[in-house]
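Novice: Got a structure for you, questions after.
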Amino acid sequence: MTIALQGICASKGVAIGHIYIVDRGQLDVNEYLLAAKDVDAEVARFLDAVGIARNDLRAVRERIPADTSADIAAFIDTHLLMLEDSALTKAPIQLICARRCNAEWALKLQRDALVSVFEEMDDPYLRTRKDDVEHVVARIQRILLRQDKLYHEKPDSRLAGQVVLADDLTPADTVLLLHQGIAGFITEYGGPTSHTAILGRSLGIPAVVGLHQARLYLRSGDMVVVDGRAGAVLVDPDEHTLQHYRDRQQHIKDQHALRDKLRGAPTRTLDGTDIVLQANIELPEDVDTVLDVSADGVGLYRTEFLFMNRDEMPGEEEQYQTYRNVVEALGGAPVTLRTLDMGADKTIDGGRYGSSWCSNPALGLRAVRLCLSEPALFRPQLRAILRASQHGPVRLLVPMLSNTEEVGQVLQLLAECRRELQRDGHAFDAGMPVGAMVEVPAAALCADLFARQLDFLSIGTNDLIQYTIATDRVDDEVNYLYDPLHPAVLRLIKMTIKAGESAGVSVSMCGEMAGNARYTRLLLGMGLREFSVPPNTLLEIKQVINSSDAAALGRMAQRVLRAGDWSKRAAALDRLNSGGG
Ligand code: PEP
Ligand code: MG
């Protein structure tokens, strides 16, 4: 009999295969007292282990396929940086010397101390960073204990085509497992925004996470279907079910082949409406994927990533060079540089910037609020962006604006920066468009006022949904409320699009909703004509746009907007997507 287990969708797609259980094994670490004469040797043993851990991780990094997105390497880099950090390299040495204890134990004490700091953090995203500490410490301890490397760090042809089941996977595990040709993976822990889930999506491996106690129900060798889209695992599927999923796999394959042909083709609806389809990037290296899918430029460059994982903030010159490289690499396509969006779940400089200690970080000193309160941080970025604008079409986008006074302050600062640059003999595009992220309900409700002051608007649904429904975007416990189809969210989106139309100001959407093909037709029906999406979803979105009739969708979109409860909205959306009237 087929049993269905429900977890959380981490990465779409279908995997069919046998279960291969990865037992990451608990490490048995005990304390023992060293003779005073052995302390130096123990410190040397510890440093050796850290060196080996670093080399192993560098080897993993080199094995990341060249065409994978830069954020994957960034996850491994975070672990490498931790292996350089004094909290993990120096503090254990002090413990070894002070307590005369063995290195494994010193690491355990240090890990417990670090983990308890993370656990006390209010921010759920930061709380999950304790996993990184645990992963890195376990890597060094395993070397100290001379435990064999995890089996999947060695080439193992038996893994090809299997569905890996584990309690949890580190980013390094995930990269290595992909290298072994696994078909999909299931983890007992983790939510949709955990690192493992993000990696699964970037690497295109079907994955289900958060399937609690899966190892109670599944045995090695069990035949399963991983339905990534539904977040479900079907155990021991009958022939009929298997055939259904094989057909779906074939369909997905055919779709990918069709999408490949869309590279370079215009993005135009069946009734001839041209659509702007741009890409979102986090790091300059992502530009390659943007070019690969022939996007109409970058609709959102999250510049805060340049400020993360470092002690010193990048100065004007470094920022200018970085932005300039991106602008030049895009070869004349527009680049929308979003100013620093720090605070809430994104902190920099050990938390000095970003209000992780305040009671409501998401409602606190974040993004433009932080920038306006720290001109020493904001001015160099504005100057760098202005200077980059001499090398190609640049647009400046300001996050989290909530009132027109903030818009006025940003415009005034920009005017001052222009004057300074002119005085200092720096070139820039005097007409560089300036736009607002519409991601706070107040901004959507006042979009008409914003449109009078600015050149364009970009809807950030990730935050707009969280602030409209008052549901934390990274808190699994309230995730069920996070609904892009909530009538309040749809009305605010509609209002913003209308305000842009009336003022003759372009309106784009750069939140995740724009990159989810389920909503593409609805958004077209609501009048959206500019999308900015993660590069790996761009061709899928283009395919939906190019097979849609924009004029006919208007009426059907109205039905979704009018539907009161969730099931009626979902049904209306399904009808719209299947082309029914
Ligand atoms: C958004 O809020 O929709 C957005 C695009 O910005 P971020 O996800 O970086 O907050
Ligand atoms: Mg946002």
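The values are calculated or read from the model by the stated rules, or taken from the named source; none is laboratory data. A quick note: this is a predicted structure, and the numbers were derived from the prediction, not measured. Note that each Cβ is placed from the backbone with ideal geometry, even for glycine, and that neighbours are counted across all protein chains shown. The accessibility values were calculated without ligands, DNA or RNA, using every heavy atom of the protein model including side chains. Shrake-Rupley method; radii C 1.70, N 1.55, O 1.52, S 1.80 Å.
Novice: Do we find that ALA447 is more than 16 Å from ligand 1 (Cβ to nearest atom), of a type in the set (Gly, Ala, Ser) and modelled with pLDDT of 95 or more in this structure? Step through it out loud before you land on a result.
Specialist: Numbers: more than 16 Å from ligand 1 (Cβ to nearest atom): no; of a type in the set (Gly, Ala, Ser): yes; modelled with pLDDT of 95 or more: yes.
The answer is no for ALA447.
Novice: Restricting attention to segment 465-486, which residues are hydrophobic (A, V, I, L, M, F, W, C), within 16 Å of ligand 1 (Cβ to nearest atom) and in a helix (DSSP H, G or I)?
Specialist: Within segment 465-486, ILE465, ILE469 meet the criteria.
Novice: What residue, among those in segment 470-488 that are within 15 Å of ligand 2 (Cβ to nearest atom) and closer than 15 Å to MET513 by Cα, is nearest to the chain's Cα centre (by Cα)? Write out each step before concluding.
Specialist: Step one: list which residues in segment 470-488 are within 15 Å of ligand 2 (Cβ to nearest atom), which gives 471-474, 482, 484.
Narrowing further to those that are closer than 15 Å to MET513 by Cα: 473, 482, 484.
Numbers: ARG473: 12, TYR482: 17, PRO484: 17 Å.
By that ranking, first place goes to ARG473.
Novice: Of all residues in segment 501-511 being touching a Phe, Trp or Tyr at 6+ places or on another chain (Cβ under 8 Å) and either of a type in the set (S, T, N, Q) or assigned to a helix (DSSP H, G or I) (or both), which is nearest to ligand 2 (Cβ to nearest atom)?
Specialist: Among those that are touching a Phe, Trp or Tyr at 6+ places or on another chain (Cβ under 8 Å) and either of a type in the set (S, T, N, Q) or assigned to a helix (DSSP H, G or I) (or both), it is SER508.
Novice: A further question follows. Would you check if SER373 is surrounded by fewer than 20 Cβ atoms within 10 Å (Cβ to Cβ), within 16 Å of ligand 1 (Cβ to nearest atom) and among the hydroxyl-bearing types (Ser, Thr, Tyr)?
Specialist: Numbers: surrounded by fewer than 20 Cβ atoms within 10 Å (Cβ to Cβ): yes; within 16 Å of ligand 1 (Cβ to nearest atom): no; among the hydroxyl-bearing types (Ser, Thr, Tyr): yes.
No: the conditions fail for SER373.
Novice: Residues of segment 302-339 being within 16 Å of ligand 1 (Cβ to nearest atom) and at pLDDT 95 or above, which ones?
Specialist: Filtering segment 302-339 for residues within 16 Å of ligand 1 (Cβ to nearest atom) gives 302-308, 335-339.
Correct list: VAL335, THR336, LEU337, ARG338, THR339.
Novice: Every residue in segment 540-581 that is among the small types (Gly, Ala, Ser), more than 14 Å from ARG518 (Cα to Cα) and either assigned to a helix (DSSP H, G or I) or touching a helix residue (DSSP H, G or I) at 6+ places or on another chain (Cβ under 6 Å) (or both), please.
Specialist: Residues of segment 540-581 among the small types (Gly, Ala, Ser): 547-548, 550-552, 554, 557, 563-564, 567, 570-572, 578-581.
Retained after the next criterion (residues that are more than 14 Å from ARG518 (Cα to Cα)): 550-552, 554, 563-564, 567, 580-581.
Correct list: ALA550, ALA551, ALA552, GLY554, ALA563, SER567.
Novice: In this structure, is GLU42 touching a Lys or Arg at 6+ places or on another chain (Cβ under 9 Å) and modelled with pLDDT of 90 or more?
Specialist: Values: touching a Lys or Arg at 6+ places or on another chain (Cβ under 9 Å): yes; modelled with pLDDT of 90 or more: yes.
When the stated conditions are applied, GLU42 passes them.
Novice: A further question on this structure: Give me the pairs, please: first residue somewhere in segment 504-520 and away from ligand 1 (no atom under 16 Å from the Cβ), second residue anywhere and part of a strand (DSSP E or B) and open to solvent by 10 Å² or more (accessible area, probe 1.4 Å), beta-carbon distance under 7 Å, and either six or more positions apart or on two chains.
Specialist: SER506/GLU530
Novice: Here are LEU57, LEU27: which of them is under 27 Å from the mean Cα position of the chain (by Cα), modelled with pLDDT under 90 and within 21 Å of LYS108 (Cβ to Cβ)?
Specialist: Values: LEU27 fails: under 27 Å from the mean Cα position of the chain (by Cα).
Every option except LEU57 fails the conditions.
Novice: I'm trying to understand the selection: among the residues of segment 197-247, which are open to solvent by 50 Å² or more (accessible area, probe 1.4 Å) and assigned to a helix (DSSP H, G or I)?
Specialist: Within segment 197-247, ARG201, ARG215, LEU216, TYR217, GLU239, HIS240, GLN243, HIS244, ARG246, ASP247 qualify.
Novice: (1) within 16 Å of ligand 2 (Cβ to nearest atom); (2) in a loop (DSSP other than H, G, I, E, B); (3) not polar (S, T, N, Q): which one isn't true of PHE305, the others all being true?
Specialist: With respect to (1) within 16 Å of ligand 2 (Cβ to nearest atom); (2) in a loop (DSSP other than H, G, I, E, B); (3) not polar (S, T, N, Q), PHE305 is out only on (2).
Novice: For LEU397, state whether it is out of contact with any helix residue (DSSP H, G or I) (no Cβ under 9 Å at 6 or more places or on another chain) and either of a type in the set (Phe, Trp, Tyr) or within 16 Å of ligand 2 (Cβ to nearest atom) (or both).
Specialist: In short, yes.
Novice: While we're on this one: For segment 392-439, enumerate the residues that are in contact with a Phe, Trp or Tyr (Cβ under 6 Å, 6 or more places away or on another chain) and within 16 Å of ligand 1 (Cβ to nearest atom).
Specialist: GLY435, ALA436
Novice: Turning to a different aspect of this structure: Any residue in segment 394-419 that is touching a residue at least 60 places away in the same chain (Cβ under 8 Å) sitting within a Cβ distance under 8 Å of a residue that is open to solvent by 50 Å² or more (accessible area, probe 1.4 Å)? List the pairs, counting only those 6 or more apart or interchain.
Specialist: Within 8 Å, the pairs are VAL394/ASP429; ARG395/ASP455; MET400/ARG369.
Novice: Need the failing condition index for ASN462 against (1) modelled with pLDDT under 95; (2) more than 16 Å from ligand 1 (Cβ to nearest atom), just the number.
Specialist: (2)
Novice: Just one of (1) open to solvent by 30 Å² or more (accessible area, probe 1.4 Å); (2) free of Cβ contacts under 8 Å to residues at least 60 places away in the same chain trips up LEU454, so point out which.
Specialist: (1)
Novice: Something else about it: Whether any residue in segment 405-419 is within 16 Å of ligand 2 (Cβ to nearest atom) and surrounded by 24 or more Cβ atoms within 10 Å (Cβ to Cβ) is what I want to check.
Specialist: No, segment 405-419 has no match at all.
Novice: Say whether the condition of being within 16 Å of ligand 1 (Cβ to nearest atom) and either open to solvent by less than 10 Å² (accessible area, probe 1.4 Å) or within 24 Å of the chain's Cα centre (by Cα) (or both) is met by at least one residue in segment 539-559.
Specialist: Within segment 539-559, one or more residues are within 16 Å of ligand 1 (Cβ to nearest atom) and either open to solvent by less than 10 Å² (accessible area, probe 1.4 Å) or within 24 Å of the chain's Cα centre (by Cα) (or both).
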